[in-house]
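Remarks on the structure that follows.
The values are calculated or read from the model by the stated rules, or taken from the named source; none is laboratory data. This one's a predicted model, so the numbers in the text were calculated from it and none came from an experiment. In this analysis, Cβ positions are derived from the backbone assuming ideal geometry, glycine residues included, and neighbour counts consider all displayed protein chains.
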Amino acid sequence: MVRVAHYKHVAKKIRLGKKTKQNRALPAWVILKTRRRVTRNPMRRYWRRQKIKNV
């Protein structure tokens with residue numbers, strides 16, 4: 001089990017929040033608008049496989 005600090009620096013918390021917001025699926029309207037040319041989010045990552053660098 002990995003322990004993470006309960007109290008984080010504000011700057012680090014902001015960066016983690018940004019990465020959390022980026023880590024979501026594309027909206028359905030984007031897929032429809034591009035006629036399925038864009039179907040996936042390249043920023044998507046799985047917490048266990050790909051770690052965030054320099055946070």
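Taken across segment 32-43, residues that are over 17 Å from the mean Cα position of the chain (by Cα) and part of a helix (DSSP H, G or I) do occur, with at least one present.
Take the residues in segment 5-36 that are of a type in the set (A, V, I, L, M) and in contact (Cβ under 8 Å) with a residue 12 or more places away in the chain; name whichever of them is surrounded by the fewest Cβ atoms within 10 Å (Cβ to Cβ). Applying the filter and picking the extreme gives Ala25.
On the basis of being at pLDDT 95 or above and not small (Gly, Ala, Ser), does Arg3 make the cut? Considered against the rule, which asks whether it is at pLDDT 95 or above and not small (Gly, Ala, Ser), Arg3 comes out as no. All conditions but one from (1) among the aliphatic types (A, V, I, L, M); (2) at pLDDT 95 or above; (3) assigned to a loop (DSSP other than H, G, I, E, B) apply to Val55; the one that does not is (2).
Taking the criterion of being out of contact with any Ser or Thr (no Cβ under 6 Å at 6 or more places or on another chain) and at pLDDT below 90, would at least one residue in segment 34-52 satisfy it?
Among the residues of segment 34-52, not one is out of contact with any Ser or Thr (no Cβ under 6 Å at 6 or more places or on another chain) and at pLDDT below 90, which makes the answer no.
Of all residues in segment 37-49, those that are loosely packed, with under 10 Cβ neighbours inside 10 Å have Cβ atoms under 7 Å from Cβ atoms of residues that are assigned to a loop (DSSP other than H, G, I, E, B), 6 or more apart or on another chain, in Arg40/Leu26.
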